[in-house]
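Beneath this line is the structure, given in structure tokens, with notes to follow.
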Amino acid sequence: MGEIQLPIPMSYQGKSIGEISISPLTGSVIADTKKIMDEGMAYEAMRIMVAGCTESIGEATDRPQIREILRRMTYKSAEYVLIKILTLEQNDNKIEGSYPCPHPACGGKVLCQFNEDESLDTSDDISDLEVVRAGENESSFDYDLLDPVTIETGDGEEPINVSSVAINFPTLNDCSMALRKRGQNDHVRLQMGIYQEALTKVGGHEVDTKWKNRYGLRMFEKMKGPDLRALSKEVDKYGLKTELEKHCLKCGTMFHVELDTANFFASALRSH
Ligand SMILES: [Zn+2]
């Protein structure tokens, strides 16, 4: 039905998988997705929905194998595939929004509203968004901290100084694990928990699950704002570019806004 190139190819059993073939949503996939979503397992719901609409991924065509492979799909690839699935059947790919102008003296808003009349339509079309793609074997990134941190070990051992980390682009599995440990009501720690799961190296040395469970969250909690913002930018650098430029008509200020794709999914599930 639709062949898609993943923005971040995934590695499975030593092979790189970059292609997925998708089909439109069916009633049972919508029901299964909504059920899991209502249980608070958002990332698992994403996996169920992608799995239910996947005809093949790489060379795999059988259901259990597809579901298994999709655990390794990056969050950003899954987000992209989901939007492709939804736009296969929906004519309505519009995202509306009201974006306050950041100029302190302005108080204006940029309103993006759908209108049947194209000359009056100011909404954003999700199928116009740019896709940024990773290199073929690019599954992680290295990051040097602007402000290195020290973790006290507390068991008589030397404190650990951290000046660099390596992190995989988080997979749906990383996200689900973090959600299970941190819950959905502690957003910032959930985000740091996802980095913890996806962490591979600290100071150039590989770290195992035991290390990550012990020091991972503490390490991210010690990091300063600029480092966390830079990390989040790196994590999100491939996939659908949901940041757009807006122009305030009242004062002329140009500013960047983040489109709300979560809303798009929710309304897509509701409309069935
Ligand atoms: Zn303004």
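The values are calculated or read from the model by the stated rules, or taken from the named source; none is laboratory data. Note that the coordinates shown come from a computational prediction; the quantities given were computed from them, not determined experimentally. Here the Cβ positions follow ideal geometry from the backbone for every residue, glycine too, while neighbour counts run over all protein chains shown.
Residues checked against (1) at pLDDT below 95; (2) assigned to a loop (DSSP other than H, G, I, E, B); (3) surrounded by 13 or more Cβ atoms within 10 Å (Cβ to Cβ); (4) touching a Lys or Arg at 6+ places or on another chain (Cβ under 7 Å):
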position: Leu145; (1), (2), (3), (4): no, no, yes, no
position: Gly154; (1), (2), (3), (4): yes, yes, no, no
position: Glu157; (1), (2), (3), (4): yes, yes, no, no
position: Asn173; (1), (2), (3), (4): no, no, yes, yes
position: Asn185; (1), (2), (3), (4): yes, yes, no, no
For Leu86, indicate whether it is crowded, with 16+ Cβ neighbours inside 10 Å, away from the ligand (no atom under 16 Å from the Cβ) and not β-branched (Val, Ile, Thr).
yes
Close pairs from the stretch 177-192: first outside the structural domain of Ala45 (by TED's automatic domain parsing), partner surrounded by 11 or more Cβ atoms within 10 Å (Cβ to Cβ) and not in a helix (DSSP H, G or I), Cβ under 6 Å, at least 6 apart
Gln184/Gly40
Taking Tyr238 as the residue in question, decide whether it is touching a Gly at 6+ places or on another chain (Cβ under 9 Å), in contact (Cβ under 8 Å) with a residue 12 or more places away in the chain, within 24 Å of Phe141 (Cα to Cα) and hydroxyl-bearing (Ser, Thr, Tyr).
no
Restricting to the stretch 230-253, count the residues that are in a helix (DSSP H, G or I) and either within 16 Å of the ligand (Cβ to nearest atom) or small (Gly, Ala, Ser) (or both).
2
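Quick grid of which residues meet (1) within 16 Å of the ligand (Cβ to nearest atom); (2) crowded, with 17+ Cβ neighbours inside 10 Å; (3) of a type in the set (Val, Ile, Thr):
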position	(1), (2), (3)
Thr61	no, no, yes
Gln65	no, no, no
Pro100	yes, no, no
Asn115	no, no, no
How many residues does the stretch 34-59 hold that are of a type outside the set (Val, Ile, Thr) and without any contact (Cβ under 8 Å) to a residue 24 or more places away in the chain?
6
